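Q: Here it is, the structure in full.
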Ligand SMILES: [Zn+2]
């Protein structure tokens, strides 16, 4: 796994760093670890078995649809995904074009009636309260996906962001202090 990430270049290094920080959190006794322990007695060991893959074909645009008389629906590119309840050795897919790596994305208006697509500026990408591309966003994203791996968070796919955002809020209710703590060690010096 480690070698895979090392061959994924700059993006792989970012995943490696975020993974290391999550392991540090889950190897410590804190409210976050305790929350995961309500489903998995040894969350750090389970998290360590996960594989990460980069989805280079992942959505890169914020999609906006608006129909006359309806509210605008805005959907940001997905951040990461994993099979619900997949358990140990699951593969977490990370969108190479989403908020894990980027602070903003172009907004693309796509009318349902098949009219012309048009660009409508840019929109900031976030994971919960954190700006896209930051370590806090990356750590929060991995903790969120891990919540799906062990079926601690309910499924949130195919949704206009509401449920997914709610799940991130839930993760941060327990993990915010650890996510925002800055005691990350150098991943290359940390114990393996
Ligand atoms: Zn989710």
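Every number in this text was worked out from the coordinates using simple rules, so none of it is lab data. Nothing here was measured: the structure is a model prediction, and the numbers come from that model. Note that each Cβ is placed from the backbone with ideal geometry, even for glycine, and that neighbours are counted across all protein chains shown.
Q: More than 16 Å from the ligand (Cβ to nearest atom), assigned to a loop (DSSP other than H, G, I, E, B) and either crowded, with 16+ Cβ neighbours inside 10 Å or over 15 Å from the mean Cα position of the chain (by Cα) (or both): is that true of residue 34 in this structure? Steps first, please.
A: Values: more than 16 Å from the ligand (Cβ to nearest atom): yes; assigned to a loop (DSSP other than H, G, I, E, B): no; either crowded, with 16+ Cβ neighbours inside 10 Å or over 15 Å from the mean Cα position of the chain (by Cα) (or both): yes.
The answer is no for residue 34.
Q: Sort out for me the strands (runs of 3 or more DSSP E) sitting completely within the range 39-125 that have 3 or more residues that are surrounded by 15 or more Cβ atoms within 10 Å (Cβ to Cβ).
A: Details: elements: 51-55, 62-65, 73-75, 91-95, 104-109, 118-124.
The qualifying strands (runs of 3 or more DSSP E) are 51-55, 62-65, 91-95, 104-109.
Q: With the structure loaded, tell me whether residue 145 is in contact (Cβ under 8 Å) with a residue 60 or more places away in the chain, within 11 Å of the ligand (Cβ to nearest atom) and surrounded by 14 or more Cβ atoms within 10 Å (Cβ to Cβ) or whether it fails that test.
A: For residue 145, the condition - in contact (Cβ under 8 Å) with a residue 60 or more places away in the chain, within 11 Å of the ligand (Cβ to nearest atom) and surrounded by 14 or more Cβ atoms within 10 Å (Cβ to Cβ) - is met.
Q: So which residues in the range 79-93 are away from the ligand (no atom under 13 Å from the Cβ) and under 17 Å from residue 56 (Cβ atoms), if there are any at all?
A: Listed by number, the list holds a single entry, 91.
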